[in-house]
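Some notes on the structure that comes next.
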Amino acid sequence: QVQFVESGGGLVQPGGSLRLSCAVSGSMFRFWAMGWYRQVVGTQREWLARITSDGNTDYDDSVKGRFTISRDNAKNTVYLQMNSLNPEDTAVYYCNLVPPNNQWWGQGTQVIVSS
């Protein structure tokens, strides 16, 4: 069973930054395309960013230029650097494969952007 453990969320002021981490269990991590997603209560989970096994990235327009996805295959970890945060970024953030495996969602990490 693969597990995703997200961390790094918290309360941040508008314009601030956070770096999220997602630790992934298992030996296949380096072969997977990984993504970050977020969900606001009462809405559908949305995809934000993707990184392929060889490091190519792409982003949803809502975060392009502000968020950066990266990975460390030696640590089985994927990161999301979030800059210029605004209140609309408030959500629970998750990592998963791209496309996601719906059996493998973790608990997520809460990000609150507020003054």
Unit-weight point scatterers at every alpha-carbon of the chain, Debye formula, q = 0.12, 0.21 1/Å: log10 I(q)/I(0) is -0.37, -1.15
Residue-normalised accessible area of the chain, given per residue in Å² at a 1.4 Å probe: 53 Å²
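Any chance you could list the semi-axes, whole Å, largest first, of the equivalent ellipsoid that the Cα gyration tensor gives for segment 1-49, using √(5λ)? Could you put the intermediate results ahead of the total?
Details: eigenvalues 112, 43, 22 Å².
Whole-Å semi-axes of the equivalent ellipsoid: 24, 15, 10.
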Residues other than Y37 with Cβ under 11 Å of its Cβ, Lys/Arg counted +1 and Asp/Glu -1, net out at 0
FRET efficiency for V41 and A74 from the Cβ-Cβ distance with R0 = 25 Å, rounded to 0.05, comes out at 0.10
Hey, how many Å between the Cα centroid of segment 84-113 and the Cα centroid of segment 52-81? 13 Å
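Could you work out what % of the accessible surface of the chain is carbon and sulfur, using a 1.4 angstrom probe and leaving DNA, RNA and ligands out of the count?
Details: 2880 of 6110 Å².
Within the chain, the accessible surface is 47 percent carbon and sulfur.
The values are calculated or read from the model by the stated rules, or taken from the named source; none is laboratory data. Since the model is a prediction, treat every value here as computed from it, not as a measurement. Using ideal geometry, Cβ is built from the backbone for each residue, glycine included, and neighbour counts are taken over all protein chains shown. SASA here: full protein model, heavy atoms, side chains in, ligands and nucleic acids out. Shrake-Rupley method; radii C 1.70, N 1.55, O 1.52, S 1.80 Å.
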